[in-house]
C-alpha cells in the first residue's frame with residue numbers, strides 16, 4: 001500500500017524530473033515541497049445546478065451518466081445536485097427512469113453508517129469505487145448490477161453534500177430559487193475552482209452561474225465528462241491542474257521548451 005513516505009521517496013529519486021500528482025491535498029503538498037517541477041491537481045466537489053427551465057428527464061439521464069462514470073471516482077464527476085423547488089419533484093421522479101434509485105428517507109441513517117467513516121468526515125474507504133448494488137446490499141436492498149446511482153435527498157449541511165465520496169451516492173439539495181442555487185453551489189464547491197455543471201434553458205442563468213463559480217471545467221446541459229472531451233468540444237485530459245494553475249493539461253504541459261543556438265560559420269543569417 002502506498003504511503004506519503006513512500007511517495008516522497010519516489011518523488012526525490014534523481015531520475016525523476018517532473019511530477020504529475022493527483023489524489024488529494026496531502027500528496028500534492030508533498031510534491032510541491034519536493035524541489036522539483038510539479039503539476040498538481042486539486043480536490044474537487046463539483047456541484048450540479050438544475051433550474052426550473054431545465055428538461056428534467058434529460059437532466060436526470062445526463063447527471064446519472066456523469067455521476068456514475070467509473071463509479072464516481074473522477075474528481076470532475078457530479079458530486080451533489082442543487083435543484084430549484086419548482087422542478088425538484090420532477091427531477092427526482094426522472095431519476096427513477098434513468099437507472100437510479102431514489103432512497104427512502106427512512107433508510108438514510110443506515111446508508112450513512114455504511115458509506116461514511118467513523119468521524120463522518122469523508123467516505124468509508126471500503127466502498128470507494130464500488131457498484132451501487134454492493135452498497136445497497138449492505139442496507140438490505142437487493143438491486144440489479146446495472147443500477148448506476150443511489151440518489152438521496154438531504155439538507156445542505158449533510159456530509160453527502162459536503163464531502164467527496166467517490167462512490168455512486170448522489171446528494172440532492174432543494175433550494176427556493178436560482179439565486180439561492182448559485183449561492184449554495186458556490187459554497188459547496190468550496191472555492192476549489194475545479195468543475196461545475198448546470199442544466200438550464202436560460203442562457204443568462206448559464207452565464208451567471210459560470211462567472212460565479214469560476215471553475216476550470218464548466219459543463220452546460222451534458223454529463224460532466226463532456227468537459228473532458230467525451231461528447232463535448234476540446235481534447236481529452238484527466239489531469240485538471242487547478243492547484244498549480246495549468247488547468248486542463250495537454251501534451252505541452254509535460255514538455256520542456258528548449259533552444260539550441262549556433263553562431264558563426266554555420267549560421268544562415
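We did not get these values from a lab; they are worked out from the coordinates using the rules stated. This structure is a prediction, so every number in the text was calculated from the model and none was measured. Quick reminder, even Gly has a Cβ in these numbers, built from the backbone with ideal geometry, and neighbours come from all protein chains shown.
Data overview
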| item | result |
| --- | --- |
| Between the range 220-235 and the range 89-127, the Cα center-to-center distance that results, in Å | 26 |
| Two-site FRET efficiency, residue 18 against residue 230, from Cβ-Cβ distance with R₀ of 25 Å, rounded to 0.05 | 0.40 |
| Relative contact order of the chain, pairs being alpha-carbon contacts under 8 Å that are 6 or more residues apart, as % | 22 |
| Cα centroid separation - the range 147-189 against the range 7-45, whole Å | 30 |
| Cα long-axis angle, helix 85-95 against the chain (0 to 90 degrees, to the nearest 10) | 90 |
| Calculated [θ] (222 nm, deg cm²/dmol) that DSSP helices of n ≥ 4 give over the chain, each run adding -39,500 (n - 2.57) | -8500 deg cm²/dmol |
| Label-to-label distance, nm, for residues given as residue 36 and residue 89 (7 Å Cα→Cβ offset) | 5.8 |
| Cα shape, the range 1-67, gyration tensor, a/c 1.5 rule | prolate |
| Helix 203-213 vs. the chain, principal-axis angle (Cα, 0 to 90°, nearest 10) | 60 |
| Residues of the range 34-71 with amide N under 19 Å of a point placed 7 Å along Cα→Cβ from residue 125 | 43-44 |
| Antiparallel DSSP beta bridges within the chain, as percent of all bridges there, nearest 5 | 10 |
| Gyration tensor (alpha-carbon) shape descriptor, the range 82-157, a/c threshold 1.5 | oblate |
| Matching label, mean projected area of the Cα convex hull in nm² computed from the structure shown, candidates (1) 18.8; (2) 16.8; (3) 12.9 | (1) |
| Added length on full extension, which subtracts the Cα-Cα distance from 0.36 nm per residue, residue 238 to residue 6 | 81.1 nm |
| Anisotropy class of the range 167-230 from Cα gyration tensor, a/c 1.5 cut | rounded |
